[in-house]
Amino acid sequence: MTNAASSEIPRLELIGVNKTYPGVVANKDVSLKVRPGEIHALLGENGAGKSTLVKFIYGVQKADTGLMLWEGLEVQLANPNAARKLGIGMVFQHFSLFDAMTVEENIAVGISSELAKGDLSGRIRKVSAQYGLPLDPGRYVHTLSVGERQRIEVVRCLLQDPALLIMDEPTSVLTPQEVEELFKTLRRLSEEGVSILYISHKLEEIKKLCHTATIMRMGEVVAECTPNKETARSMAEIMMGDNLISPRRAHHRTDGEVRLKLEDLSAVSNHQHGTNLTSVNLRVHAGEVLGIAGIAGNGQRELMEVLTGETLADTAEAIMLDGTAIGRMDPIKRRQIGIGLVPEERFGHGAVAGMSLWENALLSGATRMKLLKKGFIKKEASNDFAEDIVKQFRVKTPGVGHAANSLSGGNLQKFIVGREIVQAPGVIVVLQPTWGVDAGSAASIRQSLIDMATRGAAVLVVSQDLEELFEISDRIAVISAGRMSDARATESITVEEIGLLMAGVGLDGNTVDVV
Amino acid sequence: MSVEWLIPAMLTIVTAATPLVFAAVGETVVEKAGVLNLGVEGMMIIGAIAAFAMAVTTGSEVLAIFSGAIAGMLMAFIFGVLCVYLQSNQVATGLALTIFGIGLSALIGHSYVGNTFVGLAKLDIPGISDIPIVGPLVFGHDALVYFSILSVASVAWFLKKTRGGLLVRAVGENHDAAHAIGYSVTLIRMGAILFGGAMAGIGGAYLSIAYTPLWVENMTAGRGWIALALVVFASWKPWRAFFGAYLFGGITIIQLYAQGMGVEVSAQFLSMLPYLATILVLVIISRDSAKSLLNAPACLGKNYHSSG
């Protein structure tokens, strides 16, 4: 935007947007201005109404009342195609991807037919190289990791030369280096005059990247601010009102006995394009939180599967749980002995989408919580168990009889993590504990993991969110290409070192655990 | 083995396979869009009676084929309105459609029992069609046989190479994502269902105006169900469905000839063969879960509820 006069007109302006669902006010009199070339943060907890607002901007949903102005002119978007025609692109948080199709086909579906013509795969390669988002157009999506899937969404948008780019929680699955690359991309786009509406709850990122921020709470705009003039704390306070808690961690805990031990654990991946685990050694002690960092697709999924018992280890002794060799046991036996497991995918692994909360609670808690009587379900006890989880972890739901897929992602995650914690296992393994979860819920999930360790459990957290790992871990190890680095005390390792380990530098051969 | 019976046997295999090809290819598109229409049998038999009635009344082959296609489409339209717009259960609705089709066709067909029709004309190119073996096998069929091959090729090309095909697959794979991107799930599905209906109708028409040009109650005799099995058998690939149809047609006809030649195997065992073969192949292809995951439309049989 070289014309000074035109920069006076906001690229996007919302005036008095209202949207009510049966029983819930999702947006109440929301107004918002995004100027050309501005990176504008939209900040708020889960359920604050960000998604509803964005759906309105992108033409997915209509508002009850309210105006949308594009370059100063009123527009009414019938559908996302109309939004894309105006120049609005969107990267979804819950990816709008098609598993059984290739990367190229996924991108072709999401762009206009004129754009999809010609050498699309060549252009995909070009854009992905240009913006540091490596993608192979011929790969099938179901073989890709979460991180790689997100790149498809980003590239899909960039191919359309958008004037406004909406990004919904874009960095939750990226490594620090990848985040830096993305920010470079976004800053360059902003310099080229592209406006960016950046939805996130990572306050440090917003401070670093965004020019202005609109903060929402309970469907209303509660503040507008300039992020680099605020502190993360002050923004968090506005966002959450008085719900704010930051995790407390007892430092310099002495190590207890080893509760979970992986000894020379190797596993061949069941997945096409998966990563084999090679001779992984790891000791998790009572009373500690051990964090495993790594880029998506480096063996985390395989590690989780071999720990849960979805795939069996080659020898029983490869996995020792409180002195018992569990490497060849099925998941139920492992749970009985005392391991709690929180997989990455909420649906399919963590919960059954169409079943009620109490049924989902029963599925993992049946043996440990004694919810069965001669093969029959103890409905009342199961209900109490589920209600206990809902209460302790402040899961927002009308009742435990409601289906798991009626909960928002963050709420369901609280429920799934809570379900394992309430069973009080001696060892808990959690993959991506706070993915797609808002700041308030994430803080409470992290706190409860720390509390578990304090009570003497061994906690193993696999995450791509380094901030999170530094916040809660006593020691951190890095997984790269199926190999595990030494675990080191959190105080003695830097983000740069982890970044190098993630990229596979300095991992050759030294896989012995040093306590 | 002598050639005298081989050539006619192969010709009958083609005619036995063609109705299956039509129905299976149509259903492939429907299922690729995420809709499971178990009413294939019903749409086929309505197509059969509509085509036969038209053929007897007007004597026109072309009108008969069109009337079969339109009748199949009308049946599919009922199914589509119920399942896509009114969100009824696809399995129950499809079963009901089959039962309805069989009953309605018997009612309509009552007055046509005993009528005959000359049957579809075979292609006859002087000189070429008379070449021994190759002539009758390649150039001696009726127009619908060629049309069935053309339809397989077109559908395979459509699904794989065109944007329309991409949208059909997208809707069947993840209807929520397709909606979020901005496509009308209902319209695309409705289109696929109508296409499937038309193809099933033509398949039925082939039975009553070419395979056995007369009307017998319940004359589809389970071919709609075979077509449904073929779609899975073919892991939703049009060309595989085509070969499956010929394999099935082949086993059906060969067992007839084997019985005719007095092979010492019980007739019941031989008539069982085609179905046994289908089950066997289904077992074999389901062994590789990664591959079947790739081909089965993820939203197959799930209704789409548009929210907001």
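The values are calculated or read from the model by the stated rules, or taken from the named source; none is laboratory data. Since the model is a prediction, treat every value here as computed from it, not as a measurement. Backbone-built Cβ (ideal geometry, glycine too); neighbour counts: all protein chains shown.
Part of a loop (DSSP other than H, G, I, E, B) and among the aliphatic types (A, V, I, L, M): does that describe A:Leu97?
yes
Please verify whether region B:125-134 includes one or more residues that are surrounded by 15 or more Cβ atoms within 10 Å (Cβ to Cβ), part of a loop (DSSP other than H, G, I, E, B) and within 11 Å of chain A (Cβ to nearest Cβ).
No: region B:125-134 contains no residue that is surrounded by 15 or more Cβ atoms within 10 Å (Cβ to Cβ), part of a loop (DSSP other than H, G, I, E, B) and within 11 Å of chain A (Cβ to nearest Cβ).
Could you tell me which residue of region A:83-92 is modelled with the highest pLDDT, considering only residues that are away from chain B (no Cβ under 11 Å) and closer than 28 Å to A:Tyr140 by Cβ?
Selected residue: A:Gly89.
Name every residue in region A:53-82 that is without any contact (Cβ under 8 Å) to a residue 60 or more places away in the chain, more than 8 Å from chain B (Cβ to nearest Cβ) and crowded, with 17+ Cβ neighbours inside 10 Å, in order of residue number.
Of everything in region A:53-82, those that are without any contact (Cβ under 8 Å) to a residue 60 or more places away in the chain, more than 8 Å from chain B (Cβ to nearest Cβ) and crowded, with 17+ Cβ neighbours inside 10 Å turn out to be A:Phe56, A:Ala63, A:Gly66, A:Met68, A:Trp70, A:Leu77.
Of B:Ala64, B:Ala55, B:Ala48, B:Ala71, which residue is within 13 Å of the chain's Cα centre (by Cα), assigned to a helix (DSSP H, G or I) and crowded, with 24+ Cβ neighbours inside 10 Å?
B:Ala48
Restricting region A:487-501 to residues that are crowded, with 19+ Cβ neighbours inside 10 Å and in a loop (DSSP other than H, G, I, E, B), which is modelled with the lowest pLDDT?
Among those that are crowded, with 19+ Cβ neighbours inside 10 Å and in a loop (DSSP other than H, G, I, E, B), it is A:Ile493.
Kindly indicate whether A:Phe415 is in a helix (DSSP H, G or I), surrounded by fewer than 22 Cβ atoms within 10 Å (Cβ to Cβ) and touching a strand residue (DSSP E or B) at 6+ places or on another chain (Cβ under 9 Å).
Taking the combined requirement at face value, the residue does not satisfy it.
Are any residues in region B:175-225 under 19 Å from B:Lys302 (Cα atoms) and touching an Asp or Glu at 6+ places or on another chain (Cβ under 7 Å), and if so, which ones?
If the condition is that a residue be under 19 Å from B:Lys302 (Cα atoms) and touching an Asp or Glu at 6+ places or on another chain (Cβ under 7 Å), then B:Gly196 is the only one that fits.
When residues of region B:90-102 are filtered for being surrounded by 14 or more Cβ atoms within 10 Å (Cβ to Cβ) and out of contact with any helix residue (DSSP H, G or I) (no Cβ under 8 Å at 6 or more places or on another chain), how many remain?
Count: 2.
For B:Thr186, state whether it is in contact with a helix residue (DSSP H, G or I) (Cβ under 7 Å, 6 or more places away or on another chain), among the polar types (S, T, N, Q) and closer than 29 Å to B:Glu173 by Cβ.
The answer is yes for B:Thr186.
Would you mind telling me which numbered condition in (1) touching a Phe, Trp or Tyr at 6+ places or on another chain (Cβ under 6 Å); (2) within 9 Å of chain B (Cβ to nearest Cβ) A:Ala41 fails?
(2)
Condition first: aromatic (Phe, Trp, Tyr) and either at positive phi or within 14 Å of chain A (Cβ to nearest Cβ) (or both). Now tell me which residues in region B:159-201 satisfy that.
Within region B:159-201, just B:Tyr183 meets the criteria.
Tell me the helices (runs of 4 or more DSSP H) entirely within region A:104-188 that contain at least 3 residues that are without any contact (Cβ under 8 Å) to a residue 40 or more places away in the chain and away from chain B (no Cβ under 11 Å).
A:120-130
Pick from B:Pro19, B:Pro8: which is surrounded by fewer than 24 Cβ atoms within 10 Å (Cβ to Cβ) and assigned to a helix (DSSP H, G or I)?
Criteria check complete, one pass: B:Pro8.
What number of residues within region A:374-399 are modelled with pLDDT of 90 or more and part of a loop (DSSP other than H, G, I, E, B)?
Residues flagged as modelled with pLDDT of 90 or more and part of a loop (DSSP other than H, G, I, E, B) within region A:374-399 amount to 1.
Restricting region B:206-256 to residues that are under 26 Å from B:Trp5 (Cα atoms) and of a type in the set (Gly, Ala, Ser), which is nearest to the chain's Cα centre (by Cα)?
Of everything passing the filter in region B:206-256, B:Ala245 is nearest to the chain's Cα centre (by Cα).
Assess whether A:Arg156 counts as being crowded, with 22+ Cβ neighbours inside 10 Å, under 28 Å from B:Thr162 (Cα atoms) and touching a helix residue (DSSP H, G or I) at 6+ places or on another chain (Cβ under 9 Å).
When the stated conditions are applied, A:Arg156 passes them.
Check B:Leu123, B:Leu144, B:Leu107 and return the single one that is within 22 Å of the chain's Cα centre (by Cα) and aliphatic (A, V, I, L, M).
B:Leu144
Each row is one residue, and each column tells you yes or no for (1) farther than 22 Å from A:Tyr140 by Cα; (2) crowded, with 16+ Cβ neighbours inside 10 Å; (3) of a type outside the set (D, E, K, R); (4) touching a strand residue (DSSP E or B) at 6+ places or on another chain (Cβ under 8 Å).
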site	(1), (2), (3), (4)
A:Asn270	no, no, yes, no
A:Val280	yes, yes, yes, yes
A:His285	yes, yes, yes, yes
A:Gly291	yes, yes, yes, yes
A:Ile295	no, yes, yes, yes
A:Gly309	yes, yes, yes, no
A:Ala313	yes, yes, yes, yes
A:Ala316	yes, no, yes, yes
A:Asp322	yes, yes, no, yes
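Output yes when any residue across region B:296-306 is closer than 30 Å to B:Tyr85 by Cα, at pLDDT 80 or above and touching a Cys at 6+ places or on another chain (Cβ under 7 Å), and no when none is.
Yes.
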